[in-house]
Each structure stands twice: as C-alpha cells, then as structure tokens.
1. How many residues does region A:78-106 hold that are touching a Gly at 6+ places or on another chain (Cβ under 9 Å), facing chain B (nearest Cβ under 7 Å) and not basic (Lys, Arg)?
2. Taking B:PHE96 as meeting all but one of (1) open to solvent by less than 60 Å² (accessible area, probe 1.4 Å); (2) within 30 Å of B:MET291 (Cα to Cα), write down the number of the exception.
3. Name the residues in region A:54-84 that are touching a residue at least 40 places away in the same chain (Cβ under 8 Å) and farther than 24 Å from A:GLU216 by Cβ, would you?
4. Please verify whether region B:68-90 includes one or more residues that are touching a residue at least 40 places away in the same chain (Cβ under 8 Å), open to solvent by 80 Å² or more (accessible area, probe 1.4 Å), in a helix (DSSP H, G or I) and under 22 Å from B:ALA27 (Cα atoms).
5. Could you please find all residues in region A:39-50 being buried (at least 22 other Cβ atoms within 10 Å of the Cβ) and either out of contact with any helix residue (DSSP H, G or I) (no Cβ under 8 Å at 6 or more places or on another chain) or assigned to a strand (DSSP E or B) (or both)?
6. Just to be sure before I move on: is B:SER149 more than 24 Å from B:MET291 (Cα to Cα), among the hydroxyl-bearing types (Ser, Thr, Tyr) and surrounded by 13 or more Cβ atoms within 10 Å (Cβ to Cβ) in the structure I sent?
7. Quick one: which residue in B:ARG312, B:ARG279 is within 27 Å of B:MET206 (Cβ to Cβ), part of a helix (DSSP H, G or I) and free of Cβ contacts under 8 Å to residues at least 24 places away in the same chain?
8. Return the residue satisfying two criteria in turn: it lies in region B:169-184 and is touching a residue at least 24 places away in the same chain (Cβ under 8 Å) and open to solvent by less than 60 Å² (accessible area, probe 1.4 Å), and of such residues it is farthest from B:MET275 (Cα to Cα).
Amino acid sequence: MNPPPTVATDESGASESSRQPVISVKNVSKWFGAFQALKNISLDVHRGERIVLCGPSGSGKSTLIRCLNRLEAHQEGEIIIDGVALHNRMRNIEVVRAEIGMVFQQFNLFPHMTVLENLTAAPMWVKGVSKGEAVDLAMTLLERVRIPEQANKYPSQLSGGQQQRVAIARSLCMNPKVMLFDEPTSALDPEMVSEVLDAMTDLAKSGMTMICVTHEMGFARAVADQVIFMDRGEIVEKNSPTNFFMNPQSPRTQLFLSQILRH
Amino acid sequence: MHIDTVVGDRLVHKPKFLAALFAAAFALFFAINVSDTSLGISLASLIGNMVAGDAYGRGIIALILAAIFVADIAIIGFLPLRAQLIVVWLQLAVLFLAFFLVFHLSFPFILSKLRFMIVQGVVTTLYVSAIAISISFMLAIAGAIAKLSNNGFAIAIANFYTSLFRGLPLLMQVYLIYLGLPQLGYVVDAIPAGVAALSLCYGAYMTEIFRAGIESIPKGQWEASRALGFKFGLTMRRIILPQAIPVIVPPTGNQFIAMLKDSSLVSVIGVWEVMFLARTMGTKTFQHMEMLITAAMIYWILSMGLEAVQSRIEAYYRRRGAR
C-alpha cells in the first residue's frame, strides 16, 4: 500500500491523493431468495472521499454498505477492501472488519457494558492494546464527540443522540480506514439529529473516508463529495452535491427529491 | 405484571364477600364431615362428645371451623402486604406440618437417624446434583450453539440428543446407563452412572432454555460485535451470553430444583443419597413414615436454599439492568 502523497489537505478533493481506491466494488449483484437487492453495482471509493447514498426504502443502499464489511454476502461481482477481496472462503474477515467502522441505525451499543467498556473492548480484545492505553484513547474520542462525562454510565441511561455518538466513538477506537453509516439519524428524536450530524461533520473534516446512507440532505450538501442515488437495486445517478440537488438528471431522482424536499 | 393504580375497598372486608365465604366454608366443612378426623375429635371434646357424632354436632363443628377461617382471613386483611405474606406463608406451613403430626411420628427415632441422613444422604445428594448441574450447564451451552449453527452434523447430533434425552423417562436413562453400558464392556459405578444420567437429561432440557435465551438477543448485537472485528467465540462469550444469562436464570433455576429432587431416582441403583436412606433406614423397625417424612422435609429445605440462590441472582441482574 503506497502512502498518499502529502499534498492532500482536509478540504481539497482527497480522492486524487491516492491512485488506488480504498473500496472497489465491481459488478456486484445480490439476491434475497428470488428478490434481487443489488443489480450490477460498481463503485470506487478513494481515501478521504465522503459519499452519501440515498434512495427510497428498499432501494438496496443499506444492503450495499452491509456488503462492504460482509455483514451480508454478495453473490456476483467483486468487492475489494484495501487490496483484500471479500469472498465466502476468506480466512480472516475480522482483519478487514477491524479496519472498517460501522454505525447502525439502532446504535447497537452493548447494553451490559458501560460507555467506556463499549469503547475499550475492541482495542483490548482484538488488537491486544493495554487497558490504560485503551482508556486513554476512549476518553480522547469521547471528548471528540463531546460526551466524556458519560463514560461510566450504561447505554440505557443516555439519550438516543448520546448513544449514537458513543457508537461513532466506539467505531473510531479501532482507528478504521473507512467509516460506514447506516441511516445513523433515522431512529433519533428530531432534536437529537443535529448533535449526531455535527459529530459526523467533524469526522469528515478530519479527512475520514465515509460512506453514509442517510436522508439528511443538508448534511449531504455540506459534507459529501459525491451523492449517489439508488433505486430498485441500481445506482441511478452519481453526482456532486451541487449538481445532484440543482440539476438532477434522472426522472427517478427528480421524483425522489421532490418527495423528500417538499416540506 | 402491571398493578392497577386505582385501589378499591379490600375484597376481604366486604360483608357480602365475608358472608359468602363463610357460607362456602361451612358447606364445605359440613360436606366433607371432619367429625372422625383428628381435628374433629379434638373439637368434639370442646363441644361435648355426646353431640359430636350426629348431624347436629357435625354442623356445630363445621360452624366453628368456618368462623375461625373467615375471622382469620378478615384479620389478615388488615395487615400490610409484607406481614400478610409472612403470616399466610406460616399458617400454610403450620397446617402442612400438622398433617405430619397426625402420623404420631417417633421423634427420638428421627433424631437418632438424622445425623447419618445428613452426613451421608444430604452430602451425597448435594454433590451428585452439583456435579450434574455443572456438566448439564456445559452440555446445554454446547447443545444450544450446535442447534443455532449452520453445521449439519452439529444440528443433527444436538437434535437427536435433546430428542432422546427429553423423550425417555429419567428413571429409564439411569437404568440404561448403569445396566446397559456394562453390556458394551464398560462397568460404571453407581455414582458416575447416576451423575451421567442426570447431566444428560437436564443438559437436554437446558439446551432448549439456552437456545431460546441466545435467540432472544437482538441480531444487531451480533452485527455490532462482528463489525468491530470480534470472532464468533469472543462474541458469544463476552457479548451474547452475558446478555442472555438474565433471561436464562429463572427457567434454569427451575431446572436445578427439579434436578435436585430427581437425583432421588439414582437411589434405584444403590447410591446412598437421601431417598435411598429414607427407604432403607426405617425398614428394620417398620418406621417407614418417619424416614420418608424426614426426607421430604430435607428436599424441601434444600429446594428453598436453591430458590434463595436463584432469587439473589435474579435480583443482581435486575439491579444491573436498572442502571
């Protein structure tokens, strides 16, 4: 793996800083029984790129990002993560997963562990980091998502927004190369959406490679390098945020935007 | 369960209810005719033996019993909940113990045998149960994981195992292991055979409990754990089982109490545990009842011990869950 040239800055298009895409999806198809969830999807994601995936429910956007760390298996095509191809018989999927952070719609914090334990578990158990080091790292990240004072509470004692920020910090503890967000604000009360989006925006500014499934169009406009619109298992449109919102090409995109931006 | 926040008058203080209760109790006591029981005979001496035998005396006895019963219930109705709990519990226990008294047991005989009953019988019962409980716990975890796996062999073996050992009477399993294995050339002692039968049988029951407990944990917990890079074993041990255990504890406690009592079945192959001693120690002097009742009380006390342990574990997880 070649290190990216040093010319890359946080604000510039980081995609040009590295030739080889960190995620490469080629002609991927997936079926759930007879239902085809993904139809011949191809997508390259470069280091530092921020991609927003949107589309109507059932369009396959969640399925696509769940294939990227192989929570779901694709049946045709090729997914290569940082040079490693994902397939049925791979021996150490854990190595790939440890490099990809994932944030879920339902947070999925471990309810029997404190916030701090949620954060220190993976570094200690997977990477063998010492407890002191893991705690230091966890506290740094909790400060980054602005909830260090909640460290010793249990997830059930936190609000939804706080839980989701803990979930983001928990993923960051593994120092991932890519972060996947699967509708991270969809299960939140409206007043808590912005605190989670703020944490995600901070993360984007730090140069993290991100793929977000979200309907937060303001976030997409402000943060994304590319917006991808999916419908019925296909990538219908891929565009810069400005063009995507101002000048959508496909009638399906236009319909979708008119539906979600009506109010 | 949801306790309604609206509290009406206490049922047991409504005159109509008390009257109905009195009528029902009177009818019952009159119908079952307690005149010839030890209770009726002791009451007969109060009201005069002459009238006790006829229908008139029978009515008076029923009247007295019904009055005592209704008064008792009305009085208990005034107590706060915790006191009610204790008083009702103790009254039921006293009635039950009084039932034993009518056998005119020889207490000196019981006392003379009690030491051996405890040193030999209770100790054997306890350690046979304890070993069987530990082994069945392991079998249950393995069985549950096998059943939830996608390995055809594992699923088939686990299914066959639970089907067989849940399907055969435990007594038969004890015989099959103790008398059957020697046919294959393995002569097993009574205690290992008994422990094996208990472990296998209760392991099969508990496999189903563990499977349900593991399945009750949301899929998202697995996904979050795997997405962080935890392997299957680590996920199971550190993420899933710790959450499943509070769900598993109540039914498992039930199984352990049942096993403690079912350990009496290994007496048939000559293990000197409580039941075996109860059946043999009174034989010489025909004092069967003494030893059987003693054994019954011993099982009850041991079960209460297990119940206490179970409720403490449940309270522990409730406290943790409430945080």
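The values are calculated or read from the model by the stated rules, or taken from the named source; none is laboratory data. What you see is a predicted model, and the numbers here were worked out from it, not measured in a lab. So basically every Cβ, Gly included, is an ideal-geometry build from the backbone, and we count neighbours across all protein chains shown. When the accessible area is computed, the model is the full protein with side chains, heavy atoms only, and any ligands, DNA or RNA have been set aside. Shrake-Rupley method; radii C 1.70, N 1.55, O 1.52, S 1.80 Å.
1. 4
2. Of (1) open to solvent by less than 60 Å² (accessible area, probe 1.4 Å); (2) within 30 Å of B:MET291 (Cα to Cα), only one is false for B:PHE96: (1).
3. A:ALA73, A:HIS74, A:GLN75, A:GLU76, A:GLY77, A:GLU78, A:ILE79, A:ILE80, A:ILE81, A:ASP82, A:GLY83
4. Yes: one or more hits.
5. Result: A:ILE41, A:VAL45, A:ARG50.
6. Working: more than 24 Å from B:MET291 (Cα to Cα): yes; among the hydroxyl-bearing types (Ser, Thr, Tyr): yes; surrounded by 13 or more Cβ atoms within 10 Å (Cβ to Cβ): yes.
The answer is yes for B:SER149.
7. On the way: B:ARG279 fails: within 27 Å of B:MET206 (Cβ to Cβ).
Criteria check complete, one pass: B:ARG312.
8. Only one residue tops the list, namely B:GLN173.
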